[in-house]
Amino acid sequence: LKGVVGRHLFVDLALFNIRTRDELIPFEIPNSGGRRYFRNAGETLRRGAELGLTAALGMFDLGGTLTRLAYTYEDYRVGTTRLDGKEVPGVSPVTSSLFATARHRVGFATVEMQQASRTAADDANANYAPGWVLWNARVGLPTRNRWGVSPVIGIDNLFDRPYAANIVTN
């Protein structure tokens with residue numbers, strides 16, 4: 001669902017529900033030199049919602065997104081252990097971002113916050129990567145050339161926080 005509320009508020013909403021059979025799940029065998037193997041989960045369920053709002057207020061743009069995901073094993077057994085109802089690892093259940101951009105004829109400046117909740121790192125949900133919050137900043141000059149190129153400089157992870165951007169599961 002996409003729409004405009006009033007003249008300045010833009011809304012994006014996405015909802016989904018996906019059921020998958022025989023999904024391939026990666027895993028490693030200890031002392032195998034880091035080699036990845038795969039097995040099938042009988043069934044997984046992925047449900048989610050994402051809401052994005054952006055407001056254009058004169059020289060300022062403000063916005064944010066909120067995503068909620070529920071990825072679970074519905075039918076999954078490893079040996080004699082049933083993992084039904086466990087979170088599919090490697091996917092943060094809650095993420096969000098906020099931004100503020102100021103525009104002027106001499107250029108723009110943006111401050112952005114990104115957040116992710118703690119994330120399961122294995123099928124049994126015994127290990128988790130911690131959640132994190134990052135701040136980013138960018139400044140740039142306006143586009144004043146025929147190529148549409150605008151010089152921008154930015155700093156990601158402004159406060160140098162440790163975080164897990166990619167989780168190798170199992």
In the list [x] 1.30; [y] 1.35; [z] 1.20, the entry giving Cα Rg over 2.2 N^0.38 Å computed from the coordinates is [y]
If every Lys and Arg gets +1 and every Asp and Glu gets -1 at its Cβ, then about the Cα centre the chain yields a dipole, in debye to the nearest 20, of 580 debye
For region 1-87 the trypsin sites (Lys or Arg not before Pro) that pass both the DSSP coil test and the at-most-15 other-Cβ-within-10 Å test are Arg7, Arg35
Chymotrypsin sites (Phe, Trp or Tyr not before Pro) in region 112-170 lying in a DSSP loop, each with at most 12 other Cβ atoms within 10 Å of its Cβ, come to Trp147, Phe159
Rounded to the nearest 10 Å², the accessible area of Val106 using a 1.4 Å probe with every protein chain kept is 100 Å²
With DSSP loop assignment and no more than 11 other C-beta atoms within 10 Å, the trypsin sites (Lys or Arg not before Pro) in region 104-170 are Arg105, Arg144, Arg146
The simple spin-label model distance between Ala70 and Asn125, using points 7 Å out along Cα→Cβ, in nm, is 1.1 nm
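The values are calculated or read from the model by the stated rules, or taken from the named source; none is laboratory data. Keep in mind that what you see is a predicted model, and the values were worked out from it rather than measured. Quick reminder, even Gly has a Cβ in these numbers, built from the backbone with ideal geometry, and neighbours come from all protein chains shown. Just the protein is used for accessible areas: all its heavy atoms, side chains included, with ligands, DNA and RNA removed. Shrake-Rupley method; radii C 1.70, N 1.55, O 1.52, S 1.80 Å.
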